[in-house]
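J.: Attaching a single structure in structure tokens format; questions to follow.
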Amino acid sequence: MESFDTVVRFFQDGGSFMLPIAIVLAIGLAIALERFFVLTGAKLANQKAFKQLMPQLAKGDYKQVLNQKSNAGVAKIISSGLERIEHTQRREEIEYAMEEQVLELMPRLEKRTAYLATLANIATLLGLLGTIIGLIAAFSAVADADPAEKASLLSASISVAMNTTAFGLIAAIPLLLCHSVLQTKTTEIIDGLEMAGVKCLNLLTKHNLVSQKTRQTD
């Protein structure tokens, strides 16, 4: 109960900028949680699809791979490569088709993650703005105060104004941490998609379905 009263007093002393910072923090945490669950689900789906499809590719069962009804990114990339084989046997063309699918998947994986860094900056700036406004009000308040009380009033007002900066940093630090974690997680998933595409392409080449020939100029 005492800790709750301390938090309430901290918010009350911080002034009107504490609520906007709290709202920014809440929005950032909501985005971070949503992205974490989406990326975790995508990673697990890709791992599952990779384990299912690679043995079928190794056996040359390409129709079974194409008949897979999976929304996993790995399945879409491999299917793009196999579908392109129906039109061309060149390795470069197959690779381009897979890379195109990766590029289509990337915006979905990176969606809203960049907002976290922006929200962290906004929280920090709101904290600084609240402190500056609080200091201006503090100096204005002590301008007409008794000289004997000016020092104590000014120190108390500055302490209250610093609460806003402190809370802005308290909000910004976890948001930046979440941004870094999600970026790393996204990069790992994209690297996994590219690795799956290369493995698929190598298997197709091994089975002589993909030609290594390049275009020759006249």
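The values are calculated or read from the model by the stated rules, or taken from the named source; none is laboratory data. Predicted, not measured: the structure shown is a model, and the values here were computed from it. For neighbour counting, all protein chains shown are included, and Cβ atoms are generated from backbone atoms with ideal geometry for every residue, glycine included. Please note that ligands, DNA and RNA were not included when accessible areas were found on the heavy atoms of the full protein model with its side chains. Shrake-Rupley method; radii C 1.70, N 1.55, O 1.52, S 1.80 Å.
J.: Please specify each residue of region 77-105 satisfying the condition of being of a type in the set (G, A, S) and either open to solvent by 20 Å² or more (accessible area, probe 1.4 Å) or out of contact with any Cys (no Cβ under 9 Å at 6 or more places or on another chain) (or both).
T.: Those that are of a type in the set (G, A, S) and either open to solvent by 20 Å² or more (accessible area, probe 1.4 Å) or out of contact with any Cys (no Cβ under 9 Å at 6 or more places or on another chain) (or both): S79, S80, A97.
J.: Restricting region 46-71 to residues that are within 23 Å of the chain's Cα centre (by Cα) and surrounded by fewer than 17 Cβ atoms within 10 Å (Cβ to Cβ), which is farthest from T113 (Cα to Cα)?
T.: Selected residue: K48.
J.: Would you say A151 is part of a helix (DSSP H, G or I) and either at pLDDT 90 or above or in contact with a Cys (Cβ under 8 Å, 6 or more places away or on another chain) (or both)?
T.: no
One line per residue, one yes/no per condition, for (1) modelled with pLDDT of 85 or more; (2) outside any helix (DSSP H, G or I); (3) under 30 Å from F139 (Cα atoms):
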site	(1), (2), (3)
A161	no, no, yes
P174	yes, no, no
L177	yes, no, no
T184	yes, no, no
E188	yes, no, no
M195	yes, no, no
L203	no, no, no
